[in-house]
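Chemist: Sharing a structure, written as structure tokens. Questions coming.
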Amino acid sequence: MSTTTVAVAPLTTQDAEALVEAARSAAEAAGVTVAVTVLDAGGHLLAFRRDDRAVLIAGETSTRKAYTALQLNAPTAELVDAVQPGGLFHTLPTALDRPLLFIAGGVPVHRDGRLIGAIGVGGGAPDQDHGFANAAVEALARR
């Protein structure tokens, strides 16, 4: 019995730029200024863009959302309840050196069922940011 490992193409700089552009296009269509961060599977920055008029903190929130989605391999929108008192991850936000952010807008990126990175969007309302990030991931999947 042999086992075969199939390599999955990593998230490339071209993929990251496409994610940023798709998220920004979705935000622009909604009249929202945002920051977008894309991380590779190792948590390294591949792409970042903050609209000129986006609130300054949007850059930090987009990066933390992407990092959180990557580390927990889940959209941050699905994790909000987990950090509430009594939740599974209640102490997690303060337990690590690198800060996590449990606000909607971070989404993991998968290829062929494998985690290859994450995108985070900040600057709009949490539900808007989540929608912009999802739109970007869906656009990448169609490429």
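Chemist: Can you work out ³J(HN,Hα) from phi for every residue in the stretch 25-42, in order, using Karplus 6.51 cos²θ - 1.76 cosθ + 1.60 and θ = phi - 60°, giving whole Hz and x for Gly and Pro?
Modeler: 5, 5, 5, 4, 4, 8, x, 10, 9, 9, 10, 10, 10, 10, 10, 7, 4, x
Chemist: Going by amide H atoms built from the backbone, whose H comes under 5 Å of the H on Ile103, apart from near neighbours?
Modeler: none
Chemist: Using 7 Å Cα-to-Cβ label points, what is the Gln14/Arg111 separation (nm, one decimal)?
Modeler: Reported label-point gap for Gln14 and Arg111 is 1.0 nm.
Chemist: In addition: Any chance you could check the Cα centroid distance between the stretch 16-44 and the stretch 96-132 for me, in angstrom?
Modeler: 10 Å
Chemist: Ok, one more. Once phi is turned into θ = phi - 60°, what whole-Hz ³J(HN,Hα) does the Karplus curve with 6.51, -1.76 and 1.60 give for every residue of the stretch 55-61, x standing for Gly and Pro?
Modeler: Per residue, the Karplus-derived 3J(HN,Hα) values read 4, 4, 5, 4, x, 5, 5 Hz.
Chemist: For Val55 and Arg142, calculate 0.36 nm times their separation in residues minus their Cα-Cα distance, and state this gained length in nm to one decimal.
Modeler: Computed gain between Val55 and Arg142 is 28.3 nm.
Chemist: Let me ask something additional. Quick one: pull the percent of accessible area on the chain belonging to carbon and sulfur, 1.4 Å probe, ligands and nucleic acids left out.
Modeler: Ligands and nucleic acids excluded, carbon and sulfur reach 52 percent.
Chemist: Here is a further query. Once amide H atoms are built 1.01 Å from N in the peptide plane, which residues 5 or more positions from Ala47, or in another chain, come under 5 Å H to H?
Modeler: Val38
Chemist: If you compute mean projected area of the Cα convex hull in nm² for the structure shown, which of (i) 8.5; (ii) 8.1; (iii) 10.0 do you land on?
Modeler: Working out mean projected area of the Cα convex hull in nm² from the coordinates points to (iii).
Chemist: Also: Using only DSSP helix segments of four residues or longer, with each worth -39500 (n - 2.57), what per-residue ellipticity at 222 nm results for the chain after dividing by its residue count and rounding to 500?
Modeler: -12000 deg cm²/dmol
Chemist: To continue, here is another question. Between Ile116 and residues 5 or more places away or on another chain, which pairs have amide H atoms under 5 Å apart, with H built 1.01 Å from N, and which residues are they?
Modeler: For Ile116, the qualifying residues are Val109, His110, Arg111.
Chemist: Ser25 versus Ala74, label points 7 Å from Cα toward the beta carbon: distance in nm?
Modeler: Here the answer is 3.1 nm between the modelled labels.
The values are calculated or read from the model by the stated rules, or taken from the named source; none is laboratory data. This structure is a prediction, so every number in the text was calculated from the model and none was measured. Cβ sites come from the backbone with ideal geometry, for glycine too, and all protein chains shown count toward neighbours. When the accessible area is computed, the model is the full protein with side chains, heavy atoms only, and any ligands, DNA or RNA have been set aside. Shrake-Rupley method; radii C 1.70, N 1.55, O 1.52, S 1.80 Å.
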